[in-house]
1. Please give, to one decimal in nm, the separation of the simple spin-label points placed at GLU86 and MET33, each 7 Å out from Cα toward the Cβ.
2. Please give the contour-minus-distance gain from ARG111 to ASN57: 0.36 nm per residue of separation, less the Cα-Cα distance, rounded to one decimal in nm.
3. For the pair GLU11 and THR129, how long in nm is the line joining their label points, each one 7 Å along Cα→Cβ?
4. Looking at the calculated P(r) for segment 6-80, what percent of the C-alpha pair distances fall above 19 Å?
5. What is the packing order of peptides 117-125, 40-48, 18-26, taking the mean over residues of other C-beta atoms within 10 Å and listing the highest first?
6. In whole Hz and in residue order, list the ³J(HN,Hα) couplings for segment 100-106 that follow from phi through the Karplus curve 6.51 cos²θ - 1.76 cosθ + 1.60, θ = phi - 60°; x for Gly and Pro.
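Each value in this text was obtained by applying a stated rule to the coordinates, not by laboratory testing. All values derive from a computational prediction rather than experimental measurement. Cβ placement follows ideal geometry from the backbone for every residue including glycine, while neighbour counts extend to all protein chains displayed.
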Amino acid sequence: MARRDPVAFTEFVAARSGALHRTAYLILGDHAMAQDLVQEALTKTYVAWPRLREVANAEAYTRRVIATTAISWARRRSWHERPTEEIPERQVPTESDAVATRSWLWQELQRLPARQRAAVVLRYYDDLTEAQTAAAMGCAVGTVKSQVSTGLKRLREQLGDDVDLFSPAATVPNDSNSNDKVVSR
């Protein structure tokens, strides 16, 4: 890539911002925060643009910024959270109610710690390999395996044996205005 090529950067943003926003939304669970996160990630990508040799490197770099910044935000936010006396009620959907299953899966995904949620989203929603997920998160492949394994184990514990995480009913929203995507292996 040319040094500080604004046209190439604009094309990159136009082509990948939707996918980057979906990733940020799935990690954070909030559209406004996801937009802020993507803006911060794209700002950092623009600063690093001259060092990035290919568009593929730019996307990997931006995903890494999204994952690490989301984890950082979660750490700061959790410092201020306080436990409550009441545990919120959880609705258990029937197997035939795919909408309730997706909603319930989405709620449980949001309860995962930030690193586990980021690993599960990058690995299964974005269909990244373990190596690509590790690069995006800035950690070792073994850490990705551990985070994904623990995250899936927690989801299975919360969802029970009656819900298959990889069935068509177990989908998560792309965003508020689009179709759902199956969480695949």
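1. Output for this residue pair reads 2.1 nm.
2. 16.4 nm
3. If labels sit at GLU11 and THR129, their model points lie 2.6 nm apart.
4. Counting every Cα pair in segment 6-80, those more than 19 Å apart make up 31 percent.
5. Answer by packing, highest mean first, reads 117-125, 18-26, 40-48.
6. These are the phi-based 3J(HN,Hα) values: 5, 4, 4, 4, 5, 4, 4 Hz.
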